[in-house]
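A quick write-up on the structure given underneath.
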Amino acid sequence: MSRRVVITGMGWVTPLGHELESVWRRMLQSESGVAPTTIFDGHTFPTSFAAEVKDFSLSTFLGDDAARHDSASRNTRFALAAASEAWKHAGMCDYIGLDASRVGVYLGGGEGPVDFDPLSSAGLAGCLSDSGEIQELDTIKWVQVAEKLLNGTNELEQEPNLAGAHIAAQFGAEGPNFNTLTACAASTQALGEAANIIRYGDADVMISGGTHSMIHPLGMTGFVRLTALSTRNDSPATASRPFDRTRDGFVLGEGAGILILEELEHARRRGAAVLGEIVGFGSTADAFRITDIDEDARGGIASMERAMKSAGMTPDDIDYISAHGTGTEENDKIESLAITKLFGERAGHVPMSSIKSMIGHLIAAAGAVELITCVLAMRDGVVPPTINYEHPDPNCPLDYVPNKPKSIPVRAALSNSFGFGGQNNTLIVKAPST
């Protein structure tokens, strides 16, 4: 018999806060976490706003242990905080019999935020002669200036796998440790593959999810060049408007979402509360273009079909869809097409919403945070809204739960994540069962 994988703990760091229940309440109150950028001065950018994490301190979560992670970058700190909350939520802090060699980590973790100003100043210094003329980069001079400018900063770690390393060190996780960088689909893929690691018998517990922070000049510049961001600078709070006809791009966010996945019998033996069960996972690639989705939605359809097949489910079994729903014209239209083709006549009757309307796009962390909302929706019998939805789009004809939450029983939820490069990942989670 296949080993079953359940969720026993959850934690997140988001633009709406850092505590599980308070963030969920704010989502159900249709609040927006989008505002003008404060992490850096963005007034010269075509997009001068983002969904930033506010009032964050790692010591709030780890106490004196936070000092162990002084070198950690911003996204690693988010991951540590979310993992700490999830670990506590799962009751792991009080569990004596845990076998550390059977506890693993699998994250969808983005690159750490570059300490951009010192590095750009160092680069400029390395290209200037003593007389101030531009010349070929003097690497020795660049290193000298960079070391001086970066000395004392806490954001020296840039490798994407380091968030997993910090988590393993903090919680003594000696089992498998992986990181995936499949762009916006990363944490959904990490969760799906972490669940498979447990099913295969290579671990009993996996700390899994995602973390990302790209709200810095380099990150913003990349998305600006792709013309992917909303430029609604006069009204940041209403800028993220997935599926609305007047949408003009996504809003960049940051944060982390971590879930504790556990083999069912292991959870039962320690008396853990089961929050949900991961029953389906599908992963495909469009093999189309680097930044564009296949126009016929074949990759997204195939991802959902594979998730349903592995779950032993059909579209009739799905009560709620957590949409990728970025707010770009292309993504929203093609995701809606995929749902329409796969679900047929039932497509317009399945509530489908995007919390990116409230917290922006958390890139590698997006899928994990969205899966947490699916679990909470099952628990409370209410699905979160897509806010800022005012103008129906004939290319997006489904039920997007506009502006207010909807109370419905949710027994099974499907969560989509579609990333740059044509990465498609789908998870299906169902309510706890005896």
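Every number here is computed from the coordinates shown, using simple stated rules; none is lab data. On a predicted model such as this, the values are computed, not experimentally measured, just so you know. Positions of Cβ are backbone-derived with ideal geometry, glycine not excepted, and every protein chain shown enters the neighbour counts.
The phi torsions of segment 278-292, fed into the Karplus equation with coefficients 6.51, -1.76 and 1.60 and a -60° offset, translate into couplings of 7, 10, x, 8, x, 9, 9, 10, 5, 6, 10, 9, 5, 10, 9 Hz, rounded to whole numbers, with Gly and Pro shown as x. Taking other C-beta atoms within 10 Å as the exposure proxy, Ser235, Ser213 rank Ser235, Ser213 from fewest upward.
Each label point was placed 7 Å from the Cα along the Cα-to-Cβ direction; for Asp296 and Val143 their separation is 5.4 nm.
Here's how it looks for Gly325: its modeled amide H is under 5 Å from none belonging to a residue 5 or more places away or on a different chain. As a proxy for reagent exposure, ranking Phe49, Phe343 by other Cβ atoms within 10 Å from fewest up yields Phe343, Phe49. If both residues of a DSSP beta bridge must be in the chain, then about 70% of such bridges are antiparallel.
Projecting the Cα atoms of Phe178, Ala368, Val429 onto the dipole axis of the chain, where Lys and Arg carry +1 and Asp and Glu carry -1 at the beta carbon, places Val429 farthest toward the positive end. Using C-alpha pairs under 8 Å with a sequence gap of at least 6, the mean separation divided by the residue count of the chain gives a relative contact order of 23 percent. When the charge dipole of segment 215-255 is built from unit charges on Cβ atoms (+1 for Lys and Arg, -1 for Asp and Glu) and taken about the Cα centre, the candidate among His216, Phe250, Pro236 whose Cα reaches farthest toward its positive end is Phe250.
Summary of the geometry: segment 22-95 and segment 229-244, compared by the centres of their Cα atoms, lie 22 Å apart.
What dipole magnitude, in Debye to the nearest 20, does the chain give about its Cα centre under +1 on Lys/Arg Cβ and -1 on Asp/Glu Cβ? All intermediate terms of the calculation are to be shown ahead of the outcome.
Details: 34 positive and 54 negative charges, 265 e Å.
About 1280 debye.
Counting only Cβ charges, +1 for Lys and Arg and -1 for Asp and Glu, the dipole size of segment 212-307 around its Cα centre is about 220 debye. Once backbone amide H atoms are built at 1.01 Å from N, Phe49 has Thr37 as its partners under 5 Å, excluding neighbours fewer than 5 places away on the same chain.
Listing Thr340, Thr328 from the residue with the fewest other Cβ atoms within 10 Å to the one with the most, what is the order?
The fewest-first ordering by Cβ neighbours comes to Thr340, Thr328.
Taking each DSSP H run with n ≥ 4 as -39500 (n - 2.57) and averaging over every residue of the chain yields -9500 deg cm²/dmol at 222 nm. Here's how it looks for Val382: its modeled amide H is under 5 Å from those of Ile408, which are all 5 or more places away or on a different chain.
Taken as Cα centroids, segment 320-385 and segment 204-226 sit 19 Å apart, rounded to the nearest whole angstrom.
Lys/Arg Cβ at +1, Asp/Glu Cβ at -1, dipole of the chain taken about the Cα centre: which of Asn395, Ile290, Val5 is farthest positive-ward? Highest projection toward the positive end goes to Val5. Among the DSSP helices (H) of the chain, those spanning at least 18 angstrom by Cα along their long axis with an average Kyte-Doolittle hydropathy of 1.0 or more are 366-380; this is a geometric and hydropathy rule only.
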